[in-house]
1. By the scheme Lys and Arg +1, Asp and Glu -1, what is the net charge of all other residues having a beta-carbon under 15 Å from that of Asp162?
2. Over 31 Å between Cα atoms: which of Lys330/Lys374; Lys79/Lys487; Lys330/Lys400; Lys170/Lys374; Lys330/Lys535; Lys260/Lys385 fall into that group?
3. What FRET efficiency, computed as 1/(1 + (r/R0)^6) with R0 = 30 Å and r the Cβ-Cβ distance, is obtained for Glu455 and Lys330, rounded to the nearest 0.05?
4. In whole Å, what is the distance between the alpha-carbon centres of the range 270-317 and the range 545-599?
5. So between Asp200 and Ala651, what do we pick up on full extension, going 0.36 nm a residue minus the alpha carbon distance?
6. Quick one: order Trp375, Trp564 from most to least accessible surface, probe 1.4 Å.
7. What span do the alpha-carbon atoms of the range 110-205 cover on each of the three principal axes, reported in whole Å from largest to smallest?
8. Express in Å², to the nearest 10, the accessible area of Thr143 obtained by rolling a 1.4 Å probe over the protein heavy atoms while all chains stay in place.
Amino acid sequence: MSSEHLHRLLEAGRWVWRHARSLIVVLAVLAAFIVGYSLRSGDASGHGEQAGSAAASNEPQWYTCSMHPEVRLPNPDDKCPICFMDLIPVTTPGGTSGDAAGPRQINLSPAVQALIDVQTVPVERRFVDRKVSMVGAVDYDETQLAYITAYVAGRLDRMFVDFTGISVRKGDHLAEMYSPELLVAQQELIQAKRSADRLDENTGRVVRQSAESILAAARERLRLLGLTEEQIASIESADEPAAGEHVTIYSPVGGVVVEKHAKPGSYLAEGEAIYTIADLSRVWVILEVYESDLPWLRYGQDVTFTTEAFGGEAFEGRIVFIDPVFDPRKRTVRVRVNVDNSDGRLRPGMFVRATASAKLADAGRVIVPELAGKWVSPMHPEVVKDEPGECPVCGMDLVKAETLGYSATTVDGATPPLVVPDSAVLRTGQRGVVYVRSDDDTFEGREVELGPRGEGFSIIREGLKEGEHVVVRGNFQIDSALQIQAKPSMMNPGVGDTETGHDHEDEPAMPRVHLHGDAAAPLTQLIQAYHPLAKALAEDDANAARQALEAFAAVLTDAEAHDWPGPVKPLWEEQSPPLNRGVEAMSDAKDLDAMRVGFQPISDALIALMQAIHTDNVGPLYRAHCPMAFDFTGASWLTPEDKILNPYFGASMLRCGTIEETLAPAEGDAHDHE
């Protein structure tokens, strides 16, 4: 065994010590490697027997590299062109020819299945529970705000409430204004009252009605100028302008003064604001929801939340509004919740953490049994009736609950969605691969269309049928076996299309959009800020990684606000959410392992962008891949050098991985966008 082989085995051993939970998987892979190497290192007669067998069957025997299964060569004495390791025969773990099954299929004997502990479950229909976590803040209820204005033009002489935050009751006096117009209006009332009193029984009916109309108009004018009924009656009985030239402004509602718009001595025009008063007996909670969680939320849905001020105490509210406009900067949608606050404990500005629970039926409808067959107000979700009618609050017609996105039936009558356990799905980017077992011990890899993800289950929209058996344990080993045979797999979906293992060489490559100048600056800056982050993880330096993450997050914020040109805008909108999720996950991480989990979606998103976009001044850029990261799920990253410095393992397996793609500038393959 060469020194290169010993070096790789030692690196794998170090990885085992750091990831003891994957010991069984690693031992199985190492055993397969040693067996394959033994087959390759056998005596010359062994090769002769293999050659004779291949000649007898009139089929060539192919050889591959245990580290780079996409390589397939006919000569066993060749070396891997990538890592220069010896080649091993292409055979299935069951001992059969790799070509015995279909391009995405593999046959495993019962013994091999027992060795790698293959477990399957049937695809079934069931309701999936999901808890949506959200964050937000308490805010004023806009419908509970009152604006105190000047009823008449004049000078603000006195303010009884002279600072914000004070609580007032309905009817409390707030301010006093001087207005010559008020004096004139009082004199008009006195004159109208005297004229009406001088009339006797001999006065004609028309004259008497006219005098009464003038008196009523004078009273109404004073009422509109802000005087109360008691003040108006006092003026009439005193037969003089009892209110003088000043009018006192009273509060029409109870609440808290949240804004003071004027100061004593100010001259105000009619209708100009003096105070804003908020009734805090009911408040809003404004929550931010990621777009991936939107399928689980509906109007009228109950929400529970907690605040830092009251520990673990749970408050309840109901969703009254889901913003129809998506926030492109935060990549979230605002959701508003109405909350009763009669005890006054919730205060605007408080930070909250909220959750909403839902069951999802077929066709994406949320099941809430208590709303099945009910009629709901489209403006006030707390109004729920058994029969159609009008909302007692706003007078709008009630609508059926199913028109708001709820299932029209209860759990017993709704159609459950098709689901598989999360462990059955191998996820890579937007794709999902599931291995399906047939009765003859054949396992077939199938790409599926994934729906929303529930608690422990994934909804399947296309690709599977109810009753089929899918692999929930051992699927990574099956996928690795397909890679060794150079067949399509999760990590290499296109390999094996030709005998040499080079896939789709004759197909034209998709053109890359060419950005330069100011249009390219945000993406170039992101890549430049990304490299120190990857370097810090490779060096196991948590402090440097956090500093690099802070710089990367600042650049990402600027990129979110950038006006991307037309061809690039949909690409950015697709990759922006995983970038933000990765930054959030790394910010919340407590150790390097958790930071590396958040680093993966950042890397995947930037790789997708750089594969589709050619930018200036980004420098050399390569895509590296480590097949052993995250328990053999594999992970990729970007590097400015064509050498491996693994950010997912650091010093324990610093050189694990290969350079798989050169993301070099491509000239003349797309239109320029300034």
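The values are calculated or read from the model by the stated rules, or taken from the named source; none is laboratory data. Source: prediction; values computed, not measured. Cβ coordinates were reconstructed from backbone atoms using ideal geometry, including for glycine residues, and neighbour counts include every protein chain displayed. Calculation scope for accessible area: heavy atoms of the full protein, side chains included, ligands and nucleic acids excluded. Shrake-Rupley method; radii C 1.70, N 1.55, O 1.52, S 1.80 Å.
1. Numbers: positive: Arg158, Lys260, Lys263; negative: Asp157, Asp172, Glu176, Glu259.
Summing Lys and Arg as +1 and Asp and Glu as -1 gives -1.
2. Working: Lys330/Lys374 35 Å; Lys79/Lys487 20 Å; Lys330/Lys400 33 Å; Lys170/Lys374 37 Å; Lys330/Lys535 27 Å; Lys260/Lys385 42 Å.
Table pairs above 31 Å Cα-Cα are Lys330/Lys374; Lys330/Lys400; Lys170/Lys374; Lys260/Lys385.
3. 0.75
4. Using only Cα atoms to place each centre, the spacing works out to 28 Å.
5. Details: separation 451, 0.36 × 451 = 162.36 nm, distance 10.98 nm.
So the chain would gain 151.4 nm between Asp200 and Ala651.
6. Values: Trp375 55, Trp564 20 Å².
Solvent-accessible surface, decreasing: Trp375, Trp564.
7. Extents along the principal axes, in whole Å: 119, 44, 21.
8. 90 Å²
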